[in-house]
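Since every read-out is calculated from the coordinates, none of them should be taken as a lab result. All values derive from a computational prediction rather than experimental measurement. We place every Cβ from the backbone using ideal geometry, glycine too, and count neighbours over all the protein chains shown.
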There are 2 protein chains.
Amino acid sequence: MSAIQARVEAALGRLLPAPDIVPQRLHQAMRYAALGGGKRVRPLLAFAAGDLATADASRVEIVACAVECIHAYSLVHDDLPCMDDDVLRRGRPTCHVEYDEATALLAGDSLQAVAFQLLAEHRLAGDAETQLEMLRILAAACGSRGMAGGQAIDLASVGKPLALTELEHMHIHKTGALIRASVALGARCGATLSIDELGQLDRYAKLVGLAFQVVDDVLDCEASTATLGKTAGKDAAANKPTYVSVLGVAGARAMADELRVDARKALSGFGAKAKRLAALADFIVLRKF
Amino acid sequence: MSAIQARVEAALGRLLPAPDIVPQRLHQAMRYAALGGGKRVRPLLAFAAGDLATADASRVEIVACAVECIHAYSLVHDDLPCMDDDVLRRGRPTCHVEYDEATALLAGDSLQAVAFQLLAEHRLAGDAETQLEMLRILAAACGSRGMAGGQAIDLASVGKPLALTELEHMHIHKTGALIRASVALGARCGATLSIDELGQLDRYAKLVGLAFQVVDDVLDCEASTATLGKTAGKDAAANKPTYVSVLGVAGARAMADELRVDARKALSGFGAKAKRLAALADFIVLRKF
């Protein structure tokens, strides 16, 4: 895992515009937002799915950087004063605190464009048609019926008691869409899988995406700001519905473990080929930060 | 021209998520930002370039909507308090005034994703490779070395006296990149043009893009807020360098006319096939708003 994390860090460093290219401040802010940390969960999932499809690692690397650019852009925009108004991320000042709001806004906008540029500029699949499909998958995952839409539902839910199904609906969009895309894109870098196999992978990704968020809610409640590298206890303070507020800590932990087991089951048809994806389900649920 | 404007309005209305789809408020804000006005200069350029390449209008329509979504997203983000802090656009309250800042931020983000989704979802070129090239063109035009980068240079230039070449550098990115992309994408919907022909079109687009901005600066200075539908005199008030501040009104007008003549000359190799592009050069320079 740390080898992949280091590889993605190096690739992002190489693929993002250099800090001395005009406009320097914007490029520095983009690099600040995307480099230097994070668990790189989405890249790890892309590589594990690529592994299952015996994909060329140099292709998966591009996909991993693209999904990570989208993730980084979403964090920069979510942290802005008009959204979550947060000052700490990955143990450092958030992008708008380190630079300024206007630069952070443009850095997020530009990181989104980089993601699409990466998927359009590199040869990532056996044929151009598959690559167009990959661009469709990423665009759908980012947009108003994916990640950005989930964020809008999140905003609208502040202070409202949500039922478990509504909470799931929000997170399936907010974090789930990009996690699903990471798996789908990693797999498409390799050998052509059957529709049935792609369906099994997508089921795994859906479950793991949800588990990721349930664990995030537990950690937001139980871990310290120092451990998380971001402000702990924020959701409760903001009166946001979470899995912990709906199920309690023990209930949320039990749900995460159930999702972990189901996610592993979804992989059963693949046998040993899916061992890295299975291990990631464990990592996502058992992590401490 | 008005037929194309109406066609683009109708297509955007059809292609953007309906206002009653969850999350409704986000989708309403996206539609508010993209529908109901604007000169649609970029779509007009795409259609005129498509016309030259005898492109199928149903393809050009998608390209026109994609570039217009990018343009609309850039206006929404530029109008935010942390950027230009503007309250009036196309004669109506800006998106964050009509909705709220967070919704406007997400609406802009989502409109960017829509643009890439449109180019990836529809069959727009004879082969998938050309379509991937179109996605590359759009991504490069939007990003930190295109439109968003121009906006960053603009921010950095407030209060600084700029030489004419620096001003050009800023606008070649800020407004020029997307205008060039509009022409390039429209042309690629049709018959394959030679590298030489594409180069002539790109030269035309560069000149017209610059002319557009020079005229914008003149109008910002001479026209009323009511005529423009956006706050007039803003650049001078914000102490931003403009073509008028560098050249004076008469000098800026003379420069715009020179660019118009050069843009028409760049089309001379195409003969009558380029008559709509030539007419647009006139429209862009002679417009009153």
* Quick one: check the C-alpha center-to-center distance for region B:267-289 versus region A:1-79, whole angstrom. => 43
* Structure fact -> Note to self, chain B gives a 222 nm [θ] from helices alone (DSSP H runs n ≥ 4, -39500 (n - 2.57) apiece, / all residues, nearest 500) of -23000 deg cm²/dmol
* Residue-wise, which Karplus ³J(HN,Hα) couplings in Hz belong to region A:225-238, taking 6.51 cos²θ - 1.76 cosθ + 1.60, θ = phi - 60°, and x for glycine or proline? -> 4, 4, 5, 6, x, 9, 4, 7, x, 5, 5, 5, 4, 8
* To do: Among B:His96, B:Pro19, B:His77, flag the residue with its Cα farthest along the positive direction of the charge dipole of region B:2-286, charges on Cβ as +1 for Lys/Arg and -1 for Asp/Glu.
  => B:Pro19
* Please tell me which of these pairs span more than 21 angstrom C-alpha to C-alpha: A:Lys265/A:Lys288; A:Lys174/A:Lys265; B:Lys206/B:Lys265? => A:Lys265/A:Lys288; A:Lys174/A:Lys265
* Asked: Taking the Cα-to-Cβ direction at B:Thr54 and at A:Phe283 and moving 7 Å from each Cα, how far apart do the two end points lie in nm?
  -> 5.6
* Asked: Hey, with R₀ at 51 Å, roughly what FRET efficiency would A:Glu168 and B:Glu129 work out to, going by the Cβ-Cβ distance, to 0.05?
  -> 0.80
* Dipole magnitude of chain A about its Cα centre (Cβ charges: Lys, Arg +1; Asp, Glu -1), debye to nearest 20 -> 660
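Averaged over all directions, how much area does the convex hull of the C-alpha atoms of the protein assembly as shown cover when projected, in nm²? It would help to have the intermediate numbers written out before the result.
Numbers: hull surface 97.5 nm².
Its average projected convex-hull area is 24.4 nm².
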* Asked: region B:187-239 to region A:129-162: how many Å between their Cα centroids?
  -> 33
* Structure fact -> Output field shielding_mean for B:151-161 (other chain Cβ, 10 Å radius) holds 4
* Go through B:Tyr204, B:Val214, B:Ala238 and say which Cα lies farthest out towards the positive end of the charge dipole of region B:2-286; charges sit on Cβ, +1 for Lys and Arg, -1 for Asp and Glu. => B:Tyr204
* To do: Hydropathy first: keep DSSP H helices in chain B averaging at least 0.5 on Kyte-Doolittle, then drop any whose Cα extent along the axis falls short of 30 Å, and list what survives.
  => B:57-78
* Along the charge dipole of region A:2-286, Cβ charges K/R +1 and D/E -1, which of A:Gly269, A:Leu286, A:Ala107 sits furthest on the positive end? -> A:Gly269
* **Most mobile listed residue (A:Leu80, A:Leu193, A:Leu277) in chain A, GNM with C-alpha springs under 10 Å** => A:Leu193
* Residue among B:Ser194, B:Ser110, B:Ser74 with the largest mean-square fluctuation in a Gaussian network model of chain B, springs linking Cα atoms under 10 Å -> B:Ser194
* Where in region A:126-151 is the amide nitrogen less than 16 Å from a point lying 7 Å along the Cα-to-Cβ axis of B:Ile21? -> A:136-151
* Shortest-first distances to equivalent copies, position A:Thr165, nm, label 7 Å out along Cβ -> 6.6
* Grab the residue from chain A whose Cβ hugs the A-to-B rotation axis most tightly, plus its distance in whole angstrom. => A:Ala128, 2
* Structure fact -> Counting other chain Cβ atoms within 10 Å of each Cβ in B:126-138 and taking the mean gives 4
* Asked: Which residue fluctuates the most in chain B, going by a Gaussian network model with Cα springs under 10 Å, if the choices are B:Arg188, B:Arg260, B:Arg89?
  -> B:Arg89
* Relative contact order (%) - criterion: Cα under 8 Å, at least six apart; region: chain A -> 21
